[in-house]
1. I need a count of the residues in the range 335-359 that are assigned to a loop (DSSP other than H, G, I, E, B) and buried (at least 23 other Cβ atoms within 10 Å of the Cβ).
2. Among the residues of the range 113-163, count how many are open to solvent by less than 20 Å² (accessible area, probe 1.4 Å), touching a Lys or Arg at 6+ places or on another chain (Cβ under 9 Å) and β-branched (Val, Ile, Thr).
3. Could you look through the range 296-317, keep only residues that are surrounded by fewer than 17 Cβ atoms within 10 Å (Cβ to Cβ) and among the charged types (D, E, K, R), and pick out the one that is nearest to the chain's Cα centre (by Cα)?
4. Regarding the range 252-270, can at least one residue be identified that is in contact with a strand residue (DSSP E or B) (Cβ under 6 Å, 6 or more places away or on another chain) and surrounded by fewer than 18 Cβ atoms within 10 Å (Cβ to Cβ)?
5. If residue 237 satisfies all but one of (1) open to solvent by 10 Å² or more (accessible area, probe 1.4 Å); (2) farther than 25 Å from residue 336 by Cβ, what's the number of the condition it fails?
6. Considering only residues that are in a helix (DSSP H, G or I) and surrounded by 20 or more Cβ atoms within 10 Å (Cβ to Cβ), which ones fall in the range 367-381?
7. Which numbered condition trips up residue 169, out of (1) open to solvent by less than 10 Å² (accessible area, probe 1.4 Å); (2) more than 26 Å from residue 28 (Cα to Cα)?
8. If only one of 431, 424 is open to solvent by less than 50 Å² (accessible area, probe 1.4 Å), over 30 Å from residue 116 (Cα atoms) and either out of contact with any Gly (no Cβ under 8 Å at 6 or more places or on another chain) or among the acidic types (Asp, Glu) (or both), which one is it?
Amino acid sequence: MIEHLKTAKPQQERAADDQKVREIVQGTLQSIEERGDAAVRELSEKFDNFSPASFRLSESEIEALMSKVSARDMEDIKFAQEQVRKFAQAQRDSMADIEVESLPGVILGHKNIPVQSVGCYIPGGKFPMVASAHMSVATASVAGVPRIVACTPPFKGEPNPAVIAAMHLGGAHEIYVLGGIQAVGAMAIGTETIDPVHMLVGPGNAFVAEAKRQLFGRVGIDLFAGPTETMVIADETVDAEMCATDLLGQAEHGYNSPAVLVTNSKKLAQDTLAEIDRLLEILPTADTARASWQDYGEVIVCDTYDEMLDVANDIASEHVQVMTGRDDWFLENMHSYGALFLGPRTNVANGDKVIGTNHTLPTKKAGRYTGGLWVGKFLKTHSYQRITTDEAAAEIGASCSRLCMLEGFVGHAEQANLRVRRYGRVNVPYGEAAQ
């Protein structure tokens, strides 16, 4: 039996919030489409109180900002990027171009080609998301993307030096101090001063996520993303302090960040609820975390591990922290999630900031059909074909001709018949299938 000790805000209320966001984003993108740079500047003035002579940073401005980053912070940024690059390169090395001879004289293959231009959004209005630059910019760089554009909002009225340093070190070719819908819209639609990109990546608030959704098709995107989500799957092998800390550690992202505890221990569930109340009295970001926990926090008590697994796969949370006596069993059987964090020594913050895996992950149950951002998202796999012998051209052509006529495509069949006549030296009457 599954018991809910705490439930979240009803889905109907969440849907109403989403509708408001959709309408605002639609109007804003239309304004950028029609008015270009003027609209972008107005939006930046309105939402960020920021209107520099140029939103794009020059090389000298980048160098000046990087000089403000302490040696220790710069060392940590470089360390984190090294971990991200190592894992991204290992992933890239696993993706081989292939070429096979499927029949004598028939060559089939594919090539992995980088997307030619990518726009990376790095959030930073509320918290300067240094790590997001590693995840998008550095990973795109490993993939070999020839034009990487990076946007981040001003932080407290000016570019954040650490974020700019991470963008630059990650390999960004163009850096703009722009936030929100105006940044995403400018990169995708293009303006008088910003050439449009082919793909958008990176996390953001509800407005950024909705802008990416509405722009999908015009450009590619990494994934449909909503507010940060976290789930803790735990049993009596861990204590309430660890569960509560890991839940609130993600709830501080925003006012609508779901945090869910799934456990087979009612005592652990009750203790965790009490521990969350205690921590919210001392956590510096408690105002945000408390709002998220109140409206989007859940505590679910199950009888069995199988029930815990079913609940977890159904919710398909972005981050899934597994701390049980059966961690490997969950690794083997979980199929819908963003990323797994296995064992009490591991935590979601590691994945967010430094360990090397990518932190741009699917939310809102998208883990059922996609994984997160990785080096492969920046690569397009394109196939090619080549026929090298007359015999193969005639054999493939005859079969193709008959299949085309089966579907009624006479013009298609004639493409094949021409090869049969020319390379097989067989006379096929025009408009008939090869025999």
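1. 4
2. 3
3. Checked the range 296-317; the qualifying residue nearest to the chain's Cα centre (by Cα) is 314.
4. yes
5. Status for residue 237: all satisfied but (2).
6. If the condition is that a residue be in a helix (DSSP H, G or I) and surrounded by 20 or more Cβ atoms within 10 Å (Cβ to Cβ), then 367, 375, 377, 378 are the ones that fit.
7. It fails just one condition, (1).
8. Unique residue meeting the criteria: 431.
The values are calculated or read from the model by the stated rules, or taken from the named source; none is laboratory data. Note that the coordinates shown come from a computational prediction; the quantities given were computed from them, not determined experimentally. Using ideal geometry, Cβ is built from the backbone for each residue, glycine included, and neighbour counts are taken over all protein chains shown. Ligands, DNA and RNA are excluded from the accessible area calculation, which covers all protein heavy atoms including side chains. Shrake-Rupley method; radii C 1.70, N 1.55, O 1.52, S 1.80 Å.
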